[in-house]
Amino acid sequence: MKRFIFCIVALVAMMGNQAVAAGLKVKAPDSVEISSQAVKPCKIAIQCKAEAVQLSTSEQWLGIVGRTTLAAKASHSVKIWAEPNLSTTERTAVIEIKGVTSGAVRTITLSQPPYLQSITDGFPVRMMGSRYDAESWESYGISSPKGSSAIIAMVGASGNALTTTSENGITVSGVGAGDYFLFAVPVVKAEAGEQFDFMCTMTASEADAPKYWIFEYWDAGRWNSIESELRTAEQGGSIRYSLYNKYLRSAHNTTYTQSFTLTEPVVNGCVKVRLRALTPGVGKVKLTGSSKYVSLQILRYKDAPAVTDTKRMLFIGNSFTYFYGTPFMFKEIARSQGHQVDAVVSVKGGQEFSEHLQLERSIEAIVRGGYDYAFLQDTSPNAAKYADTHNRAIITSCRKINDLTLKHSPACQIIYEHTWGCPYDDYRGYGSYERLEHLLESGAAMIAKELSEYKIIVSPIGKGYTIARKQNLNLLHTDNRHQNREGAYMKACINYLTIYRTPFTESVSDCGLRPKTASAIRKIAEEVVLNGR
């Protein structure tokens, strides 16, 4: 599939060729070949003899770095950038050279060979941690998730010298304003009106990494943003951004989700999205390589039913939320059942409510407001601890996070999660599954009752885990504490049913699980939530 060609400008014509147009005297190549992946700018020598000239390009997949007006009687080295040619055929474009005084014009033809040898449907894309072609990324700044025909590239539109490395994730440094992560998924045919989901986990690894980014998708011959989802940066009203990836000493990742719909079909091509930097930053930014984070997910809802309702939901949690991407699974399950979920997620390992209230990213997510539902997941042992010791500090933290949530989302339904028992650390110090599971369940109920004025709903995830354990269906990761992929699916299913209260239809997504296993998990979830087991 890949053709690795060094970024070399092939001068097909001699530099001595004179412009044909009368009055325009320049030396420049007639044609240039750029590499198929073209993730680094290339140089073209242009000599202006008699007058200044203005440069322009004919296509949106390439551009000129820096100034487009070249001074008269001088030699210039012009940088051009281009996206990878994510097709199976050669493509061409032109750079127009126009005399500022005479108006005379000549052109340079640019040709780019294809990067792909064939088009095969690449959906869905699910990348966990380091599951990508690291060698390709380090060498060329372009890669693919393992087992996928999807493509990840870093396009250097700013002209900066980008450095792509593989350090616990797909990492790049030296990013300038306008540079972008490009994500492309080959598809034989995607119809107009089809809906897609983009989800990723980004990290600013250093303090001087670029902070503001905008999400855009390619449709109808141009890059489009989701205007309704854009926010205004505090320092400068001109910056309208989709996500901020600020470096935080607390090492708090950025979790981002966005749905989009095509207005025109894609035939034997790629569905393309990008995250474009709006501000420069030489520090490292990456798609996280932590093994249990969902680094990247791009989904296509080809056969999903039409959307019947749209809800805005907040997910605040810790590793019991981010392992295997339970908010992503929830969103996918809901869309497969005809429900659109606009999700905002803030997750960080080991955090309880009192700590989330000190985290900039969690506070920002809550304050953004306008939520219909908020899934608030305290650190897992706290419910058991409350049942055992009646620790009032737990209630105090619950009240504070509830009050902050409802201040900015007055109509929001708060949902707490009754989590699961596990053998880790002698069953959290309680000696047995039965004892721990009893305390978790009773503690969750006691906390909800103590906070009755908030009318909290408790999602009975732990009950599903108990039934699955008794049926020898393992939902635990190898550390005997966190959820594995199946456990994440159980959590997402029970959370879904807790809100929508209707059985799953045949169109429900398996979220990458084996169909038989996914079906068994859904059956348990329905027994717990809908049948009151």
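The values are calculated or read from the model by the stated rules, or taken from the named source; none is laboratory data. No experiment lies behind these values; they were computed from the predicted model shown. Cβ atoms come from the backbone with ideal geometry, glycine included; neighbour counts cover every protein chain shown.
Looking only at the stretch 439-487, how many residues end up being part of a loop (DSSP other than H, G, I, E, B) and either crowded, with 17+ Cβ neighbours inside 10 Å or touching a residue at least 60 places away in the same chain (Cβ under 8 Å) (or both)?
8
I'd like to check something: does the stretch 311-321 contain any residue that is assigned by TED's automatic domain parsing to the domain that holds LEU376, of a type outside the set (A, V, I, L, M, F, W, C), assigned to a helix (DSSP H, G or I) and in contact with a Phe, Trp or Tyr (Cβ under 9 Å, 6 or more places away or on another chain)?
Yes, the stretch 311-321 contains at least one residue that is assigned by TED's automatic domain parsing to the domain that holds LEU376, of a type outside the set (A, V, I, L, M, F, W, C), assigned to a helix (DSSP H, G or I) and in contact with a Phe, Trp or Tyr (Cβ under 9 Å, 6 or more places away or on another chain).
What do you reckon, is PHE181 touching a residue at least 40 places away in the same chain (Cβ under 8 Å), more than 25 Å from GLU135 (Cβ to Cβ), under 14 Å from the mean Cα position of the chain (by Cα) and buried (at least 21 other Cβ atoms within 10 Å of the Cβ)?
Judged against the criteria, PHE181 is not a match.
Six or more apart or on different chains, Cβ atoms under 6 Å: show the pairs whose first residue is in the stretch 218-235 and not assigned by TED's automatic domain parsing to the domain that holds ALA365 and whose second is of a type in the set (S, T, N, Q) and assigned to a loop (DSSP other than H, G, I, E, B).
As it stands, the answer is ASP219/THR263; ALA220/THR263, since those pairs meet every condition given.
Just the residues that are of a type outside the set (Val, Ile, Thr), under 32 Å from the mean Cα position of the chain (by Cα) and modelled with pLDDT under 50, please, taken from the stretch 1-51.
MET1, LYS2, ARG3, PHE4, PHE6, CYS7
Restricting attention to the stretch 177-184, does a residue exist that is assigned to a strand (DSSP E or B), modelled with pLDDT of 95 or more and within 23 Å of ALA251 (Cα to Cα)?
Filtering the stretch 177-184 for residues assigned to a strand (DSSP E or B) gives 180-184.
Okay, now just the ones that are also modelled with pLDDT of 95 or more, so 180-184.
With the extra rule that they be within 23 Å of ALA251 (Cα to Cα), the set shrinks to 180-181.
Yes, the stretch 177-184 contains a residue that is assigned to a strand (DSSP E or B), modelled with pLDDT of 95 or more and within 23 Å of ALA251 (Cα to Cα).
Can you give me the number of residues within the stretch 408-422 that are in contact (Cβ under 8 Å) with a residue 60 or more places away in the chain, under 15 Å from VAL344 (Cβ atoms) and out of contact with any strand residue (DSSP E or B) (no Cβ under 6 Å at 6 or more places or on another chain)?
Going through the stretch 408-422 one residue at a time, the tally reaches 1.
Any chance you could count how many residues in the stretch 59-117 are assigned to a strand (DSSP E or B) and β-branched (Val, Ile, Thr)?
Qualifying residue count for the region: 12.
Report whether or not TRP223 is surrounded by fewer than 22 Cβ atoms within 10 Å (Cβ to Cβ) and modelled with pLDDT of 95 or more.
The answer is yes for TRP223.
Can you pull out the residues in the stretch 197-229 that are in a loop (DSSP other than H, G, I, E, B) and of a type in the set (Asp, Glu)? Please lay out each step first, then the result.
Our first condition is that a residue be in a loop (DSSP other than H, G, I, E, B); within the stretch 197-229, this holds for 205-211, 220-221, 226.
The answer is GLU206, ASP208.
Does the stretch 146-165 hold any residues that are surrounded by fewer than 19 Cβ atoms within 10 Å (Cβ to Cβ), among the small types (Gly, Ala, Ser) and in a strand (DSSP E or B), and which are they?
So in the stretch 146-165, the residues surrounded by fewer than 19 Cβ atoms within 10 Å (Cβ to Cβ) come out as 146-147, 159, 161, 163, 165.
Keeping just the survivors that are among the small types (Gly, Ala, Ser) gives 147, 159, 161.
Passing the criteria: none in range.
Kindly provide the set of residues from the stretch 491-516 that are in contact (Cβ under 8 Å) with a residue 40 or more places away in the chain and assigned to a helix (DSSP H, G or I), ordered by number.
Within the stretch 491-516, LYS491, ALA492, CYS493, ASN495, TYR496, THR498, ILE499, TYR500 qualify.
Output yes when any residue across the stretch 465-477 is modelled with pLDDT of 95 or more, closer than 23 Å to CYS412 by Cβ and within 33 Å of the chain's Cα centre (by Cα), and no when none is. Steps first, please.
We begin by selecting, within the stretch 465-477, every residue modelled with pLDDT of 95 or more; these are 465-477.
In the following step, the residues that additionally are closer than 23 Å to CYS412 by Cβ were identified as none.
No, that holds for no residue.
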